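No value in this document is a laboratory result; all are computed from the given coordinates. Because the structure is predicted, anything quoted here is derived from the model rather than measured. Cβ placement follows ideal geometry from the backbone for every residue including glycine, while neighbour counts extend to all protein chains displayed.
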Amino acid sequence: MTTETRRPPDNFAELLVDGHQILPRLLDDLRTEVLEIDPGHRLQYSHFSPLTGDADVPENYHTVTIDLAKEEGAVRLTLLQDNNPTEKARQHSEENWKKMLSGMKKVLES
């Protein structure tokens, strides 16, 4: 896949979806690096939260990938987060993402 690589500001990324700007709010206490932006298709970033109590080392970072695809007059959002060290941590992340995505859906559909 060919993508456009741009260096965005450190604490946020811009993602364009059908002419609407979505600015994912990446909290100040997260260590975040945008890895890939393909406007209208993909946002990928790594992040670390010191709230976990884990050491701030590369092996404790997650990579989050958000892909967008048009489907029958709608947009499908697929979100993947890697490097969850335990099933409990994976479930916790899944619940947090469900809440965030539900809120985003409400905003986009209003």
#### Entry: Förster radius 30 Å - calculated FRET efficiency between SER110 and GLU33 (Cβ-Cβ, nearest 0.05)
0.40
### Query
Using 0.36 nm per residue, how much length does the chain from SER49 to LYS70 gain when fully extended, once their Cα-Cα distance is taken away?
4.4 nm
### Summary
For LYS106, counting only lysines whose alpha-carbon sits under 19 Å away and dropping same-chain residues fewer than eight positions off, the answer is LYS70, LYS98
